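Chemist: This is the structure, below, for whatever I ask next.
The values are calculated or read from the model by the stated rules, or taken from the named source; none is laboratory data. If you're wondering where the values come from, they're calculated on a predicted model, not measured in any experiment. Here the Cβ is made from the backbone with ideal geometry for all residues, glycine too, and neighbour counts use every protein chain on show. The accessibility values were calculated without ligands, DNA or RNA, using every heavy atom of the protein model including side chains. Shrake-Rupley method; radii C 1.70, N 1.55, O 1.52, S 1.80 Å.
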Amino acid sequence: MLAESYLRTRTRIALYLATLFLLLFMSVQNVRYGLYDLFYMSILLAPAMLFGAIYAWARRSDLNAYGGHLAVLTVMLVVVALQLSGGQKAIVHWLYGIGLFSFLLLPLRPAFTFNIVTLLISSVALSYSDSFYSTLRFATSYALLVGLAGVYAYLYHHKSRFLVHASIKDPLTGAYNQKHLEFSLKQEISRSEATSHPLSLVVLEVDFFDQQREVQGPNFINELLSQFGAQLLQMTRAGDSIYYVDNGRFFIMLPMTPEEGLLVIAERLRRSVEERTWPIIDSLTVSVGCLTRKSGETDDQALTDRALTALKQAQQSGHNRVVLSKSK
């Protein structure tokens, strides 16, 4: 997820700056050849490109933010449409670039909507200064280009979503993996600190997991983890998230959950595992360590270590129990 955000931000900023450089270069050439209308257009669009680059950097952590990009594209469309209606027919080629630009700056649905509006507005503007045949030829070529670009963007979008999903999910248990735990915990700590809402963390581990693996074999362990992960996913609330680390150990993050609610949830998880009949071994237990973040605790590693210490205490106390970690 971080890599995707970083890649998109750099691509957008590079496009904006490259377009800004091109506009400045063209403005100089337009003055040399006496094309003052195009010169003023380039000077007008240059600040919009600079704004777009700043907006892309400011919203680099939010892949869904596109209001500023839409504003820049709208300014470009209006300026080009005015030039078209004024008789500058050669400027129509800019519209192809704007159409492709939109798929790099906007989500799929807004990009398609923007291009439909662009096609309608530009066709009407072009019809004032050119023949019906030329307008139809432009509309057809624009629709084909945008359609192909849209298909490619659609395929890339879904492939990207699949790769992001695969990079943060454990395929065996269906839970998130350790890498995503580290990323999500940092985010939730920052959100909890900013809003003063409680954040709780649970770590549970299958008792005698290594012995079970030695006796029953890896195939049984894989089936057990799959069913165990499915049960945890069924029991968690909306907004909670589950992470599988290794060796039968799971973390559960509980935003907006105070200490009293944490103990209820942790005990319910422990009891549900104990009371269920599992394949081959029939009975299974877990040891649980848990904590609620206190104000000022912003170190994610220290928070994780505190939860693991509580888990170790539960195991040393005889397994199959819940231990709550109290901050000093």
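Chemist: Which residue out of Leu105, Leu119 is in contact with a helix residue (DSSP H, G or I) (Cβ under 6 Å, 6 or more places away or on another chain) and closer than 17 Å to Thr11 by Cβ? First the steps, then the outcome.
Modeler: On the way: Leu119 fails: closer than 17 Å to Thr11 by Cβ.
Of Leu105, Leu119, the one residue that is in contact with a helix residue (DSSP H, G or I) (Cβ under 6 Å, 6 or more places away or on another chain) and closer than 17 Å to Thr11 by Cβ is Leu105.
Chemist: State whether the residues of the range 79-101 include one that is over 20 Å from Ile43 (Cα atoms) and open to solvent by less than 10 Å² (accessible area, probe 1.4 Å).
Modeler: Yes; the residues of the range 79-101 include at least one that is over 20 Å from Ile43 (Cα atoms) and open to solvent by less than 10 Å² (accessible area, probe 1.4 Å).
Chemist: Shifting gears a bit: Do the conditions hold for Thr113, that is, is it under 18 Å from Met76 (Cα atoms), β-branched (Val, Ile, Thr) and within 25 Å of the chain's Cα centre (by Cα)?
Modeler: Values: under 18 Å from Met76 (Cα atoms): yes; β-branched (Val, Ile, Thr): yes; within 25 Å of the chain's Cα centre (by Cα): yes.
It is true that Thr113 is under 18 Å from Met76 (Cα atoms), β-branched (Val, Ile, Thr) and within 25 Å of the chain's Cα centre (by Cα).
Chemist: It is to be established whether one or more residues within the range 98-106 are out of contact with any Ser or Thr (no Cβ under 6 Å at 6 or more places or on another chain), closer than 11 Å to Thr118 by Cβ and aromatic (Phe, Trp, Tyr).
Modeler: yes
Chemist: Kindly check whether there is at least one residue in the range 91-108 that is among the aliphatic types (A, V, I, L, M) and more than 34 Å from the chain's Cα centre (by Cα). Walk me through how you get there before you give the answer.
Modeler: Here is the first cut: in the range 91-108, the ones among the aliphatic types (A, V, I, L, M) are 91-92, 95, 98, 100, 104-106, 108.
Filter once more, keeping what is more than 34 Å from the chain's Cα centre (by Cα): 91-92.
Among the residues of the range 91-108, at least one is among the aliphatic types (A, V, I, L, M) and more than 34 Å from the chain's Cα centre (by Cα), which makes the answer yes.
Chemist: Out of all the residues in the range 120-135, which are at pLDDT 90 or above and either among the aromatic types (Phe, Trp, Tyr) or loosely packed, with under 12 Cβ neighbours inside 10 Å (or both)?
Modeler: Leu120
Chemist: Of the residues Leu24, Leu63, which is modelled with pLDDT under 80 and either under 30 Å from Asn177 (Cα atoms) or in a helix (DSSP H, G or I) (or both)?
Modeler: Only one candidate qualifies: Leu63.
Chemist: In addition: Name the residue, out of Leu263, Leu224, that is open to solvent by less than 20 Å² (accessible area, probe 1.4 Å) and assigned to a helix (DSSP H, G or I). Working first, answer last.
Modeler: Numbers: Leu263 fails: open to solvent by less than 20 Å² (accessible area, probe 1.4 Å).
From the options Leu263, Leu224, the qualifying one is Leu224.
Chemist: Oh, and also: Only residues that are over 18 Å from the mean Cα position of the chain (by Cα), open to solvent by less than 80 Å² (accessible area, probe 1.4 Å) and at pLDDT below 90: list them for the range 136-172, please. Please lay out each step first, then the result.
Modeler: The first filter runs over the range 136-172 and keeps only residues over 18 Å from the mean Cα position of the chain (by Cα), leaving 136-152, 171-172.
Applying the additional criterion that residues be open to solvent by less than 80 Å² (accessible area, probe 1.4 Å) yields 138-143, 145-147, 149-150, 172.
Correct list: Leu172 only.
Chemist: Also: What do you reckon, is Ser295 surrounded by fewer than 13 Cβ atoms within 10 Å (Cβ to Cβ) and in contact (Cβ under 8 Å) with a residue 40 or more places away in the chain?
Modeler: Yes, satisfied.
Chemist: What are the residues in the range 307-322 that are of a type outside the set (S, T, N, Q), free of Cβ contacts under 8 Å to residues at least 40 places away in the same chain and surrounded by fewer than 21 Cβ atoms within 10 Å (Cβ to Cβ), if any? Full working, then the answer.
Modeler: The initial filter retains those residues of the range 307-322 that are of a type outside the set (S, T, N, Q), namely 307-308, 310-312, 314, 318-319, 321-322.
Applying the additional criterion that residues be free of Cβ contacts under 8 Å to residues at least 40 places away in the same chain yields 312, 314, 318.
The answer is Lys312, Gly318.
Chemist: Being crowded, with 19+ Cβ neighbours inside 10 Å, under 29 Å from the mean Cα position of the chain (by Cα) and in a helix (DSSP H, G or I) narrows it down to one residue among Ala14, Ala56, Ala18; which is it?
Modeler: Details: Ala14 fails: crowded, with 19+ Cβ neighbours inside 10 Å; Ala18 fails: crowded, with 19+ Cβ neighbours inside 10 Å.
Within the list Ala14, Ala56, Ala18, the selection yields Ala56.
Chemist: Something else now. Name the residues in the range 266-280 that are among the hydrophobic types (A, V, I, L, M, F, W, C) and either part of a strand (DSSP E or B) or loosely packed, with under 13 Cβ neighbours inside 10 Å (or both), would you?
Modeler: Trp278, Ile280
Chemist: Are any residues in the range 130-175 part of a loop (DSSP other than H, G, I, E, B) and small (Gly, Ala, Ser), and if so, which ones? Working first, answer last.
Modeler: Within the range 130-175, the first condition is being part of a loop (DSSP other than H, G, I, E, B), and the residues that meet it are 130-131, 170-175.
Ser131, Gly174, Ala175 - these are the residues of the range 130-175 that are part of a loop (DSSP other than H, G, I, E, B) and small (Gly, Ala, Ser).
Chemist: Could you tell me which residue of the range 227-250 is least open to solvent (accessible area, probe 1.4 Å), considering only residues that are small (Gly, Ala, Ser) and part of a loop (DSSP other than H, G, I, E, B)?
Modeler: Filtering the range 227-250 down to residues small (Gly, Ala, Ser) leaves 229-230, 238-239, 241, 248.
Among the residues that remain, those that are also part of a loop (DSSP other than H, G, I, E, B) are: 238-239, 248.
On the way: Ala238: 107, Gly239: 60, Gly248: 0 Å².
Applying the filter and picking the extreme gives Gly248.
Chemist: Still on this structure, I have one more. Return only the number of the condition from (1) within 23 Å of Leu22 (Cβ to Cβ); (2) open to solvent by less than 80 Å² (accessible area, probe 1.4 Å); (3) of a type in the set (Val, Ile, Thr) that Thr113 does not satisfy.
Modeler: Single failed check for Thr113: (1).
Chemist: Restricting to the range 59-74, what's the tally of residues that are farther than 13 Å from Val117 by Cα and over 19 Å from the mean Cα position of the chain (by Cα)?
Modeler: Start the filter on the range 59-74 by keeping residues that are farther than 13 Å from Val117 by Cα, which leaves 59-69, 71-72.
Next, from what is left, pick out any that are over 19 Å from the mean Cα position of the chain (by Cα): 71-72.
Total satisfying the criteria: 2.
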